[in-house]
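Visitor: This is the structure I want to talk about, given as structure tokens.
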Amino acid sequence: MIDDLERPRVPLLRWLWITLAVVIGAPVLFVLCLVVTYGIESATPEDYPRVAPQKMADRATARSHQAYALAGFDTVLPAGVDNSLAAGSCYPGGLESMADTPVDGAYALSHTWQVSDVPRAEALAALARLRDRLKEEGWTVTSYERRQASQDWILRTERGDGERQVYEWMSVGGRFFGGVHMECAYDPAADADAGSSGGSYGETYGGSSAADGLVAPALGAGA
């Protein structure tokens, strides 16, 4: 009993200092970890393949050719507003995404097309065939549904590291849309340009400029 009474006790002030250190130190440590992680991610290049825009365009349009034929459209669709190639920027994942800064020299290419005056029954049958074929080929169907408050239907699929195919029928005008969206890639030509300019890609490669000069081939039987 005497030993218990005489046991030294930690002063209250010391406990307050310990609590204060924990309360202040934990957020500081958390922020420090974020800064370190962000620095590591920023210093690590994105793991995109190196594919020339023309080669990527060939892959995208080949898939569009297959989809167009499977949908059963006979009309030849020439290159133009209704059949075109476009490219956009790629953005890193993780903490780097907070900076909203595109990856230098990288691009995401898409091929889109549309056909007007497609009857509802024909459009829905085409969407069903596309869904079944894409599932057989290993694509994941992420959406296949009628839009709320309308008669429009949409099919969304994805595969691999960011590849997507999207098909949609709109009741107004009977417009049938097709879109093949490829994964992000680096333009190999940017490597040589970066070497000659001191490591900077500038605005010559990547983003929307990757589609400059690309022309979509005509779609349809006999094209």
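Visitor: Which value in nm describes the separation of the simple spin-label points at residue 149 and residue 82, placed 7 Å from the Cα toward the beta carbon?
Guide: 2.9 nm
Visitor: Once the Cβ-Cβ distance between residue 125 and residue 209 is put in as r, and R0 is 41 Å, what FRET efficiency do you end up with, to the nearest 0.05? Display every interim value, and only then the final one.
Guide: Working: r = 39 Å, r/R0 = 0.96.
About 0.55, to the nearest 0.05.
Bear in mind that the values in this text are calculations on the coordinates, not laboratory data. Please read these numbers as outputs of a predicted model, since none were measured by experiment. Positions of Cβ are generated from backbone atoms using ideal geometry, with glycine treated the same way; all protein chains shown enter the neighbour counts.
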